[in-house]
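The next block holds one structure in the form of structure tokens; read it before the comments.
What follows draws every value from the coordinates through simple rules; no lab data is involved. Predicted, not measured: the structure shown is a model, and the values here were computed from it. As a convention, Cβ positions derive from the backbone with ideal geometry for all residues, glycine included, and neighbour counts pool all protein chains shown.
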Amino acid sequence: MTIEAGGQTSGEGRGLENAARPLLFLTCLFFFNFASRMVLAPLLPTMEQALGFSHAAAGSLYLFIALGYCISMLAAGLVAAALDHRRTIIISAALTGLTTLALALGSSLWAIRLAALALGLACGLYLPSGLATLSSLVGRSYLGRALAVHELAPALTFVAVPLLATALLAWFSWRGSLIVFAAANLALALAFARWGRGGRFKGEPLNLTLLRREALSLPLWRLTGVFTMILGGSVGVYSLLPLFLVSEHHWPLEQANLLLALSRVSGVVMVLLGGWVTDRLGPGRAMFLVTVANGVMTLALGLAQGWWLTGLVFLQPSLTGCFFPAAFAALAYLGPLETSNLRVSLTVATAMAVGFGVVPAGIGLLGEMGAFGVGISILGGLTLLSLALLPGLALGERQPAAGPAGH
């Protein structure tokens with residue numbers, strides 16, 4: 001699943017066979033960009049023990065990452081316009097490596113929080129330039145398939161990161177585990193600088209007039225509200241699930257991380273299935289059904305015990321991957337195609353700030369009061385309430401263009 005967006009440029013008419021190597025390069029860069037943020041989830045219980053953090057302090061790290069990511073994503077176009085997409089990708093990978101290293105070396109809560117903020121700033125630069133570069137390497141008729149391969153990176157991250165973290169913790173401390181991810185990002189930055197293809201063109205400067213118009217759109221913010229709740233139920237719950245299982249249900253860390261990885265295997269399939277569901281049912285109906293299912297299962301997850309808990313850890317994320325293709329299709333229908341990238345950027349930046357930032361911080365704060373499950377159930381209830389935002393949205397046909405676009 002990619003709940004993030006950026007500008008694209010037209011392809012050069014090339015097939016996938018000619019772009020296989022750069023596509024693999026970009027997918028690897030995206031994987032470690034995403035993994036460097038998500039690896040905190042399986043490491044948090046160990047970090048809490050080693051540093052004496054509270055649950056609230058641990059959850060706050062996601063708030064700082066999300067804040068940095070939100071700022072960086074909105075400013076990424078300015079960086080790509082000043083440099084070019086290739087240099088922006090290299091800088092993002094290198095800074096992601098350096099800030100992950102700073103996170104590993106942090107000795108106090110605020111040092112780690114500042115490193116987390118810097119990590120979010122570094123990671124947010126990649127995706128707009130990565131998508132623009134990929135689009136320039138692949139012809140239009142092959143772009144959908146190329147993007148599907150690229151989008152597998154986040155889905156695979158959810159599965160691979162808990163397994164990698166468990167394996168690394170058998171040999172290293174949490175600091176050493178983060179250093180491995182830092183080294184991977186730095187190595188990829190050097191490799192892309194030496195052998196990477198594409199991206200030797202600048203991004204377009206931000207059009208503030210169109211951005212202001214989209215930011216004042218009430219339908220956009222209604223859809224963003226639902227998007228935020230689903231992202232919170234996906235990435236937000238994922239980020240604190242090991243801590244919830246270990247601290248409140250006394251599961252061994254290895255068992256919690258293994259279950260976390262296995263529960264996300266279905267997401268790889270659901271990302272591909274989501275497009276088919278959207279085409280069959282339409283974006284509005286698909287979003288409604290997924291939101292109902294996610295809200296009910298998130299609410300139940302916070303209350304469950306024993307085998308019910310194990311089952312809901314698997315079921316709760318199972319349909320979420322179907323939401324995002326429908327949501328991105330809905331964003332395209334809410335206005336002119338030329339400004340769809342602005343709508344996606346505003347929606348994803350807001351959803352990341354709240355769903356990946358505020359939600360884990362809030363659940364962590366309740367966890368400090370011994371109410372982890374209550375926090376998760378409240379999120380489920382808010383997700384169900386967000387259904388009231390969907391009726392009346394015009395999702396049946398695309399709006400006509402209304403002037404030049406910028407991004």
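Of the residues Y126, Y62, the one with the fewest other Cβ atoms within 10 Å heads the list, and the complete ranking is Y126, Y62. Averaging Cα coordinates gives a centre for segment 276-323 and one for segment 92-111; these two points are 34 Å apart.
Once the dipole of the chain is set up with Lys and Arg at +1 and Asp and Glu at -1 on Cβ about the Cα centre, which of L366, A300, S177 lies farthest towards its positive end? Working it through, the farthest residue towards the positive pole turns out to be S177. Give the relative contact order (percent, whole number) for the chain; include only Cα pairs under 8 Å separated by 6+ residues. The value is 28 percent. Considering the chain at the alpha-carbon level, its Rg and Dmax are found to be 20.1, 58 Å.
Calculate for the chain the 222 nm mean residue ellipticity that helices alone would give, adding -39,500 (n - 2.57) per DSSP H run of length 4 or more and normalising by residue count, nearest 500 deg cm²/dmol. Please list the in-between numbers first.
Values: 19 runs with 304 residues, N = 407.
Helix contribution divided over all residues of the chain: -25000 deg cm²/dmol.
Note that segment 305-319 has calculated 3J(HN,Hα) couplings of 9, x, 5, 4, 5, 4, x, 6, 4, 7, 6, 4, x, 5, 9 Hz, one per residue in order, obtained from phi through the Karplus relation 6.51 cos²θ - 1.76 cosθ + 1.60 (θ = phi - 60°); glycine and proline are x. Ranking L134, L103, F201 by how far each Cα lies toward the positive end of the dipole of segment 99-220 (charges on Cβ) leaves F201 at the top. Applied to segment 360-371, the Karplus parametrisation 6.51 cos²θ - 1.76 cosθ + 1.60 on θ = phi - 60° returns per-residue 3J(HN,Hα) values of x, 5, x, 5, x, 5, 5, x, 5, 8, x, 10 Hz, with x for Gly and Pro. Ranked by how many other Cβ atoms sit within 10 Å of their own Cβ, fewest first, the residues R264, R21, R212 fall in the order R212, R21, R264.
Let me know the charge dipole size of the chain about its Cα centre in debye, to the nearest 20, where only the beta-carbon of Lys, Arg (+1) and Asp, Glu (-1) is charged. Write down the numbers at each step before the final one.
Working: 21 positive and 14 negative charges, 165 e Å.
With Lys and Arg at +1 and Asp and Glu at -1, about 800 debye.
Return M73, M297, M229 ranked ascending by Cβ neighbour count within 10 Å, so the fewest neighbours appear first.
Numbers: M73 26, M297 23, M229 29.
Fewest-to-most Cβ neighbours within 10 Å comes out as M297, M73, M229.
Comparing T27, L190, G59 along the charge dipole axis of the chain, the residue lying farthest to the positive side is L190, per the Cβ-charge model.
Per-residue Karplus couplings for segment 236-245, computed as 6.51 cos²θ - 1.76 cosθ + 1.60 with θ equal to phi - 60°, are listed in order as x, 5, 4, 5, 10, 4, x, 5, 4, 5 Hz, Gly and Pro entered as x.
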